[in-house]
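Written out below as structure tokens is the structure these notes cover.
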Amino acid sequence: MTDSLPPGRSSPKAGFSILLLAIAAFVTVTNEYIVVGLLPELAQSTHTTIAQAGQLVTLFAIAMMFCGPVLAVMLSRVERKRLFVLLLFSFVISNALTAIANNYWVLAGGRILSALALSAFWGLASDTAAQLAGPERAGRAVSQFYFGVACALLFGLPLGTLLSHALGWRAVFWTLSLLSLVTTALFVFFLPRMDDMQTAPIRRQLGILKKPWFVANLLLSGMVYTTLFTVYTYLTDMIVHGGHIPSGQVGWWLMGFGGVGLVGNWVAGQLADRSLLRTTMLLMSIMALALATILPLASISIVLFGIMLGLWGTTHTGLLLISVVRVMKAGAKAQAFAGTLNVSAANAGTAFGAMIGGLVISQYGISRVGSFGAFLALFTVAITYGVIMLKRKEMGRT
């Protein structure tokens with residue numbers, strides 16, 4: 001398809017392009033988070049501990065954190081279709097490299113290559129979805145893009161875990177390489193050119209870093225992700241050892257976690273163009289309750305364990321969406337750069353959270369990681385309230 005697609009038009013062509021972006025989000029997010037479901041197998045295969053294997057999440061996050069903003073500025077003026085095709089093909093190569101890895105460091109190299117591609121893709125894809133929909137529907141457009149994220153949690157992560165259980169973890173990465181190739185082909189043949197995407201001058205993009213309101217929202221995203229990934233990185237281990245679920249059934253529990261995430265994505269999408277900070281406080285408060293009680297309740301009733309896991313999954317996915325929309329709105333004059341900076345803050349939080357969770361598990365065992373995550377969730381609620389007060393103070397000055 002050679003047509004050029006203008007931004008800000010509510011049309012079937014724009015809607016289809018956002019759908020393609022959601023498909024790419026599904027593939028790339030499955031690629032990012034699949035390690036969470038494979039930690040036991042990867043640890044055994046590379047002769048490391050669960051906590052050490054969890055640092056693959058940390059390495060991935062650090063690569064995204066440092067490279068995302070630089071790549072976003074360097075590539076922001078490249079025509080979006082061409083850029084997306086090149087980035088998606090990078091996933092073909094990186095997943096193939098991961099699949100043939102014969103030691104921990106080759107495995108880490110494949111993951112870092114994926115991280116570089118994702119760091120460039122994520123902020124630009126979110127911005128593209130927002131621009132295609134126009135300002136009034138930007139929040140819902142990003143939620144449609146993030147539907148791919150929710151589907152990755154619903155289908156990608158659990159099915160990958162089941163595939164690993166049946167055929168081994170290498171088969172998972174070969175499958176991801178094939179899916180990346182198919183997605184690349186879809187973009188080549190069906191995504192219109194997007195020559196008119198609005199890109200702010202580099203000076204204006206960097207200028208948002210001087211805005212206290214933007215920086216506050218960016219730091220808040222880092223804290224949100226620290227909270228999320230202190231516990232989410234070790235979700236599989238919590239289900240197996242905390243919930244006493246047989247390893248062969250873990251994939252179905254992960255699918256349930258992702259399934260309720262669709263509800264969280266829908267709710268967050270409805271609220272995305274309204275009060276983002278208050279929604280953050282609400283979802284974090286519910287998550288704190290779920291994390292504090294999930295493992296204690298597991299010894300009482302598997303049903304209660306499932307309910308708390310459902311609350312956790314709903315709030316987890318909702319917070320992913322709310323964070324990116326909140327930061328992009330705070331950096332409205334340079335949304336692509338703002339979105340990529342959010343990715344960096346998110347991955348800083350992801351890396352820090354994975355390390356914190358690993359330390360808690362190493363020192364106190366898997367039973368304590370949920371309660372520590374609940375403490376971080378309540379701390380994040382307090383920080384969010386502080387950001388609200390900063391906004392009121394700034395409005396008072398004007």
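Taking the condition at pLDDT 80 or above and farther than 20 Å from GLY251 by Cβ, does SER11 pass? Judged against the criteria, SER11 is not a match.
Exactly one residue out of THR279, THR293 is of a type in the set (Ser, Thr, Tyr), within 25 Å of PHE26 (Cβ to Cβ) and either in a helix (DSSP H, G or I) or in contact with a His (Cβ under 6 Å, 6 or more places away or on another chain) (or both): that is THR279. For the range 361-374, which positions are without any contact (Cβ under 8 Å) to a residue 24 or more places away in the chain, assigned to a helix (DSSP H, G or I) and either closer than 16 Å to ALA290 by Cβ or not polar (S, T, N, Q) (or both)? Selection gives TYR364, ARG368. It is to be established whether one or more residues within the range 87-95 are touching a strand residue (DSSP E or B) at 6+ places or on another chain (Cβ under 9 Å) and at pLDDT 85 or above. Scanning the range 87-95, I find no residue that is touching a strand residue (DSSP E or B) at 6+ places or on another chain (Cβ under 9 Å) and at pLDDT 85 or above, so the answer is no.
Going by the structure shown, is GLY358 part of a helix (DSSP H, G or I) and closer than 22 Å to ALA61 by Cβ? Judged against the criteria, GLY358 is a match. Which of the residues spanning the range 355-369 are small (Gly, Ala, Ser) and modelled with pLDDT of 90 or more? Once the filter is applied, which keeps residues that are small (Gly, Ala, Ser) and modelled with pLDDT of 90 or more, the range 355-369 yields only GLY357. All of PHE337, PHE372 fail the test of being surrounded by fewer than 24 Cβ atoms within 10 Å (Cβ to Cβ) and of a type in the set (Phe, Trp, Tyr), apart from PHE372.
Filter the range 331-340 down to the residues that are part of a helix (DSSP H, G or I) and either touching a Leu at 6+ places or on another chain (Cβ under 6 Å) or of a type in the set (Gly, Ala, Ser) (or both), then identify the one that is modelled with the highest pLDDT. Per the stated criteria, the residue is ALA338. Across the range 86-98, a minimum of one residue is classified as assigned to a helix (DSSP H, G or I), under 20 Å from LEU42 (Cα atoms) and among the hydroxyl-bearing types (Ser, Thr, Tyr).
A count restricted to the range 192-224 and to residues that are at pLDDT 85 or above and not aromatic (Phe, Trp, Tyr) stands at 12. Mind checking whether some residue in the range 52-63 is more than 18 Å from the chain's Cα centre (by Cα), buried (at least 19 other Cβ atoms within 10 Å of the Cβ) and not in a loop (DSSP other than H, G, I, E, B)? Yes - at least one qualifying residue is present in the range 52-63. Scanning the range 56-115 for residues that are of a type in the set (S, T, N, Q) and without any contact (Cβ under 8 Å) to a residue 12 or more places away in the chain turns up just one, ASN102.
The set of residues in the range 265-278 being under 15 Å from ARG140 (Cβ atoms) and either at pLDDT 80 or above or under 18 Å from the mean Cα position of the chain (by Cα) (or both) consists of ASN265, TRP266, VAL267, ALA268, GLY269, ALA272, LEU276.
The values are calculated or read from the model by the stated rules, or taken from the named source; none is laboratory data. What you are looking at is a predicted structure, and each value in this text was computed from that prediction instead of being measured. Neighbour counts are summed over all protein chains in view; Cβ atoms, including those assigned to glycine, are modelled from backbone coordinates with ideal geometry.
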